Structures are given as C-alpha cells and as structure tokens.
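S.K.: Before I ask anything, here is the structure I am working with.
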2 protein chains.
Amino acid sequence: MAMSHEIFMRAAIEEAKIGMQTGGLPIGSVIVHRNQILGRGHNQRVQKGSPVLHGEMDALENAKRQPAIVYQESVLYTTLSPCPMCSGAILLYKIPVVVIGENKTFMGEENLLRSRGVQVIVLQDDECYQLMQQFIAANPTLWNEDIGVRGDHA
Amino acid sequence: MAMSHEIFMRAAIEEAKIGMQTGGLPIGSVIVHRNQILGRGHNQRVQKGSPVLHGEMDALENAKRQPAIVYQESVLYTTLSPCPMCSGAILLYKIPVVVIGENKTFMGEENLLRSRGVQVIVLQDDECYQLMQQFIAANPTLWNEDIGVRGDHA
C-alpha cells in the first residue's frame with residue numbers, strides 16, 4: 001500500500017484500539033486533509049450511548065465544522081467497510097477517497113460509493129480483521145446492535 | 001394527511017422552530033415507535049458545532065440506543081427531505097417509513113430510500129417550506145455548509 005495510506009490507517013487502528021480499551025467496538029477512523037489529520041474518532045455506541053457515532057461519524061464530528069472545499073480535498077480512513085449511514089455522510093460531504101481497513105467482517109455500501117464517483121480502496125488489513133473477529137466472538141449482541149441486526153436478545 | 005402524521009409532523013416542526021430560535025437551521029425531526037415519540041431533535045450545526053447532527057440524526061441520538069426491532073417498527077418524521085447521511089441512517093436501522101415535511105427546498109435521497117423498500121411520504125407542508133425559505137434568504141452560507149455545497153465564502 002502507499003506509504004501515506006499505511007500511516008493514516010495506523011492512526012485509525014490506534015483509534016479502534018482506544019475504542020476497545022474503553023469498552024466499546026474496535027472501529028476507528030481518521031479524516032485527513034492534505035496529509036494532515038483533521039479529526040480522529042472511534043465508535044461511541046457504548047462509551048457515549050450513541051447510535052449515530054460510528055467511528056467515521058465520530059472522526060467527522062471531532063473534525064468540527066469545515067468548509068465544503070475541505071471535505072472535497074480529504075481522504076477518510078476507516079478500519080471497517082462503512083455502513084449506509086457513514087457512506088451517506090461521505091456522499092453528503094463529497095469526500096472523494098475512502099480507504100478501508102477490511103470488508104470481510106462487514107461489507108458496507110462500497111458499491112453505492114463507487115457508483116457516485118467515490119474512490120474506494122480496500123487494504124484487507126489483518127489487524128483490522130482480527131480486532132473485529134475477537135470483539136464479535138465476545139460480544140455478538142453489541143455487534144448486531146451496531147449494524148441494526150436483530151440478535152438473540154433484541 | 002392521516003391524523004397521526006399531522007400530529008407528529010407538528011412535533012417535528014416545533015423542533016425546527018426551537019432550532020431557529022436557538023440560532024440554528026430550522027430543520028426538526030421526531031422518531032416515533034407505536035405512536036409514541038422515542039426521540040426529538042433539530043439540526044445542531046450551529047448550537048453544538050456539529051457537522052453530523054442534522055435534525056434526523058439528533059432525533060436518533062436523543063432516542064438513545066434501541067434494539068433493532070424498535071427501529072424496524074418506527075416512523076421517522078422530518079421537516080425536510082433527508083440528505084444522504086440521514087437517509088443512510090434510515091437504511092442502517094431499517095426504519096420502514098419516513099414522513100417528509102417538504103422536498104421543494106432540497107431533494108434528498110428519496111429515490112434511494114424507495115429503491116431499498118422504504119415507504120416515503122411527502123406532505124409538502126407549507127410551514128416547513130416557509131421556515132426554510134426565510135432561513136436561507138437570511139443565511140445562505142450556513143445552508144450551503146449544511147448540505148456540503150461550496151458557497152461564496154467556502
């Protein structure tokens with residue numbers, strides 16, 4: 001992978017690990033403008049009781065309000081393929097490039113993004129995958145809740 | 001319109017007015033489960049400096065974490081046609097019915113929602129439309145920012 005992709009995916013993975021260490025889902029994201037991280041985030045379902053702060057949304061939130069042009073020159077890094085909500089945020093702000101850690105655990109709206117002209121790069125990073133597999137094995141109900149799927153207890 | 005749609009759209013309009021009165025965009029939303037409001041919200045771009053809390057997202061956030069089945073039995077009311085991000089949230093949580101105040105000011109992802117099986121009902125409510133028109137006339141830059149469009153100052 002390109003060196004810059006590797007560096008920024010490492011930052012997203014660090015966020016995923018912070019998420020896990022604080023009792024939540026190990027999904028992290030950073031938004032990068034001209035090689036500078038504007039915002040970092042991780043899934044906040046458990047920590048903030050939030051149904052909307054997926055990793056990507058938390059990164060966008062932490063980047064605060066930005067002019068439209070900034071998003072349009074940015075790259076979003078996320079450890080897991082983006083769900084419909086996060087993909088919609090990418091389309092809203094016309095973020096042109098999305099770099100995804102892995103999509104074996106969950107296939108998000110990559111086809112929709114590509115159909116709207118977004119460049120989607122999937123790294124199939126093994127650490128991203130292992131983080132999710134370990135989490136889901138231990139917390140299947142929480143994972144189902146995060147992707148809107150009815151689990152055993154829902 | 002059906003009586004229940006009228007009642008809950010009034011609640012969404014009240015939220016839009018709270019948004020306007022607190023210096024923000026006049027877009028409001030409520031999520032309703034079995035005729036009971038689970039969460040109310042309005043656009044929080046100005047008030048919380050948030051790029052992700054559109055009215056619909058704020059209503060979902062205020063409804064807190066819910067089991068998947070609850071979303072799948074709910075109706076989302078929003079004063080303005082939902083943007084890609086909010087439409088994506090509707091798809092993530094499989095909310096089956098969306099009632100929209102108006103889509104003349106902004107046409108959101110109604111076709112995408114319908115293509116995924118969501119029932120989309122547009123009321124073309126004049127008060128929703130007038131709130132937006134008055135706001136945009138006074139604050140064009142803020143409106144452009146909210147929908148990710150480059151304005152004069154972006």
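S.K.: Which percent of the accessible area of region B:1-112 is formed by carbon and sulfur heavy atoms (probe 1.4 angstrom)? Show your work: numbers first, answer last.
M.R.: Numbers: 1960 of 3740 Å².
Roughly 52 percent, rounded to a whole number.
S.K.: Can you give the Rg/Rh ratio of the protein assembly as shown, where Rg is from the C-alpha atoms and Rh is the Kirkwood radius?
M.R.: Radius of gyration over Kirkwood radius for the protein assembly as shown works out to 0.96.
S.K.: By DSSP, what percent of the beta bridges with both residues in the protein assembly as shown are antiparallel, rounded to the nearest 5?
M.R.: 55 percent
S.K.: Is there a quick way to get the dipole size of chain B? I mean about its Cα centre, with the Cβ of Lys and Arg at +1 and of Asp and Glu at -1; what is the value in debye to the nearest 20?
M.R.: 440 debye
S.K.: Mean 1/r over all different Cα pairs, inverted: what Kirkwood radius does chain B give, in Å?
M.R.: Values: mean 1/r = 0.0662 Å⁻¹.
One over the average 1/r among Cα pairs gives 15.1 Å for chain B.
S.K.: While we're looking at this one, here's another question. Calculate the mean, over all residues of peptide B:79-91, of how many other protein chain Cβ atoms lie within 10 angstrom of the residue's Cβ. Spell out each step's value before the answer.
M.R.: On the way: counts 0, 0, 0, 1, 5, 12, 13, 5, 5, 14, 11, 3, 8.
Across B:79-91, the average partner-chain Cβ count within 10 Å equals 6.
S.K.: Give the A-B buried accessible area in Å², both sides summed, 1.4 Å probe, nearest 100.
M.R.: Using a 1.4 Å probe on protein heavy atoms, the buried area is about 3200 Å².
S.K.: What's the Kirkwood radius of region A:41-122 in Å, using all Cα pairs? Could the numbers behind the result be given before it?
M.R.: Details: mean 1/r = 0.0785 Å⁻¹.
It works out to 12.7 Å.
S.K.: State the extension gain, in nm to one decimal, for the chain segment bounded by A:Met3 and A:Gln47, taking 0.36 nm per residue of separation less the distance between their alpha-carbons.
M.R.: Values: separation 44, 0.36 × 44 = 15.84 nm, distance 3.21 nm.
Going from the current span to full extension adds 12.6 nm.
S.K.: 7 Å along Cα→Cβ for the label point: how many nanometres lie between A:Ile18 and each equivalent label in the other copies, listed shortest first?
M.R.: From this label point to the equivalent ones elsewhere in the assembly: 3.0 nm.
S.K.: Oh, and also: Hey, which residue of B has the C-beta nearest the axis mapping B onto A, and what's the distance in Å?
M.R.: Closest to the axis: B:Gly88, 1.
S.K.: Post the alpha-carbon centroid distance, region A:1-47 to region A:69-87, in whole angstrom.
M.R.: With region A:1-47 and region A:69-87 each reduced to a Cα centre, they are spaced 12 Å.
S.K.: Let me ask something else. Per-residue ellipticity at 222 nm for chain A, helices alone: DSSP H runs ≥ 4 residues times -39500 (n - 2.57), over residue total, nearest 500 deg cm²/dmol?
M.R.: -12500 deg cm²/dmol
S.K.: Sticking with this one: Kindly give the distances from B:Pro140 to its copy-mates, label point to label point, with each label point 7 Å from Cα along Cα→Cβ, as nm values to one decimal ordered shortest first.
M.R.: Counterpart label points of B:Pro140 in the remaining copies fall at 5.7 nm.
S.K.: Roll a 1.4 Å probe over the protein chains and send me the accessible area per residue for chain A in Å².
M.R.: Averaged over the residues of chain A, the accessible area is 39 Å².
S.K.: If you count, for each residue, the other Cβ atoms within 10 Å and average over each peptide, how do A:136-144, B:55-63 line up from highest to lowest?
M.R.: B:55-63, A:136-144
S.K.: Then there's this: Go through B:Ser4, B:Ala68, B:Gly19 and say which Cα lies farthest out towards the positive end of the charge dipole of chain B; charges sit on Cβ, +1 for Lys and Arg, -1 for Asp and Glu.
M.R.: In chain B, that residue is B:Ala68.
S.K.: Sticking with the crude label model, points 7 Å out along Cα→Cβ, report the distance from B:Gln133 to A:Gln134 in nm, one decimal please.
M.R.: Each label point lies 7 Å from its Cα, and together they span 5.9 nm.
S.K.: Still on this structure, please answer the following. From a point 7 Å beyond the Cα of B:Val97 in the direction of its Cβ, which residues of region B:13-39 have a backbone N at a distance under 15 Å?
M.R.: Correct set: B:30-38.
S.K.: Pop the C-beta distance of B:Arg10 and A:Glu73 into the FRET formula with R0 = 45 Å and round what comes out to the nearest 0.05.
M.R.: Working from the Cβ atoms, E equals 0.60.
The values are calculated or read from the model by the stated rules, or taken from the named source; none is laboratory data. Since the structure is predicted, the reported quantities are computational estimates derived from the model, not experimental observations. Note that each Cβ is placed from the backbone with ideal geometry, even for glycine, and that neighbours are counted across all protein chains shown. Side chains are part of the model used for accessible areas, which takes the heavy atoms of the whole protein and leaves out ligands, DNA and RNA. Shrake-Rupley method; radii C 1.70, N 1.55, O 1.52, S 1.80 Å.
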